[in-house]
Amino acid sequence: SQKIEQNSEALNIQEGKTATLTCNYTNYSPAYLQWYRQDPGRGPVFLLLIRENEKEKRKERLKVTFDTTLKQSLFHITASQPADSATYLCALGDSSYKLIFGSGTRLLVRP
Amino acid sequence: EAGVAQSPRYKIIEKRQSVAFWCNPISGHATLYWYQQILGQGPKLLIQFQNNGVVDDSQLPKDRFSAERLKGVDSTLKIQPAKLEDSAVYLCASSAGLAVQETQYFGPGTRLLVL
C-alpha cells in the first residue's frame, strides 16, 4: 500500500540556520507533491507545489526538491525565524484528484 | 476574501450519540473536501464533492458517516452513532476546481471528543 514517511521527531534548530525537512514515499508514483504548514488548532495552509517533471521550486525563503528516482522530496527554509515554528506536512497527488498526506514534521526554531 | 468556515469548533459527545458538522467553503469554489485528522497524523480524505456530486467517498465509513452538499455550496458531515475512535479533528477544505494541481484551502476544523 502507499506509504508516506516524514520524520516524526521534531526538528530543533537555531534562528538563522537552514531547516531541511524530508518526505519519502513508497508504492506510489505521484504526479505532483505539495507542502503545507499547520499551526496548532488550525487547518493546513498551502505553501508550494512541485510537479513530477520539476526538480526544484523556490518561493521567497522556501525551496522544494523532488527526486522521483529516490522517491523523496526535501523542503528547505533558509534564514529560519521563530515564526517558522510549526508542523510541515507533505502531500502527494495524482490524476485521481486525491491528496495523500504524510504525518508531518514539527519544526522548532530557537531565538 | 473570506476563508472556509466551520462550526462548531469543538464538540464533546458520548459514544453512540450523533453529531453533525457544518462547512461553508470559499465563495465560488466548486470542490469541497472533508478530512479526518487524528492526533499525530496527517489529514485523511473522507469525501470529496464536485458541486453537489460525490467524486470520491472510498474512505468514508458509510455505516456511520454521511455527508451532503445541497445546492453545491454548504456541506454537512454527520456521524451516527459515534465511536471512541472517531475522536479527531474534522477539517473541511475547498478548491476552485478539480484540476490535479488545485490548491486546497482549509478551514480551522472541528475538534471532536467522543467519551
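The values are calculated or read from the model by the stated rules, or taken from the named source; none is laboratory data. All values reported here derive from a predicted model rather than from experimental measurement. Cβ atoms come from the backbone with ideal geometry, glycine included; neighbour counts cover every protein chain shown. With ligands, DNA and RNA removed, areas are computed over all heavy atoms of the protein, side chains included. Shrake-Rupley method; radii C 1.70, N 1.55, O 1.52, S 1.80 Å.
Only one of the numbered conditions (1) under 24 Å from B:VAL89 (Cα atoms); (2) within 14 Å of chain B (Cβ to nearest Cβ); (3) not in a loop (DSSP other than H, G, I, E, B) is not met by A:GLY43, and that is (3). Being surrounded by fewer than 13 Cβ atoms within 10 Å (Cβ to Cβ) and either among the β-branched types (Val, Ile, Thr) or not in a loop (DSSP other than H, G, I, E, B) (or both) is a description that applies to A:THR69.
Looking across the range B:67-94, the residues that are at the interface with chain A (Cβ under 9 Å from one of its Cβ atoms) and open to solvent by less than 10 Å² (accessible area, probe 1.4 Å) come down to B:LEU91, B:CYS92, B:ALA93. The set of residues in the range A:95-111 that are facing chain B (nearest Cβ under 7 Å) and touching an Asp or Glu at 6+ places or on another chain (Cβ under 9 Å) comprises A:TYR97, A:LYS98, A:GLY102, A:SER103. Checked against (1) within 12 Å of chain B (Cβ to nearest Cβ); (2) more than 24 Å from B:SER94 (Cβ to Cβ); (3) not β-branched (Val, Ile, Thr), A:PHE66 passes all but a single condition, namely (1). Residues that are part of a strand (DSSP E or B) and either of a type in the set (D, E, K, R) or touching a helix residue (DSSP H, G or I) at 6+ places or on another chain (Cβ under 9 Å) (or both) occur in the range B:28-37; there is at least one. The single condition from (1) open to solvent by less than 50 Å² (accessible area, probe 1.4 Å); (2) more than 19 Å from A:LEU92 (Cβ to Cβ) that B:TYR33 fails is (2).
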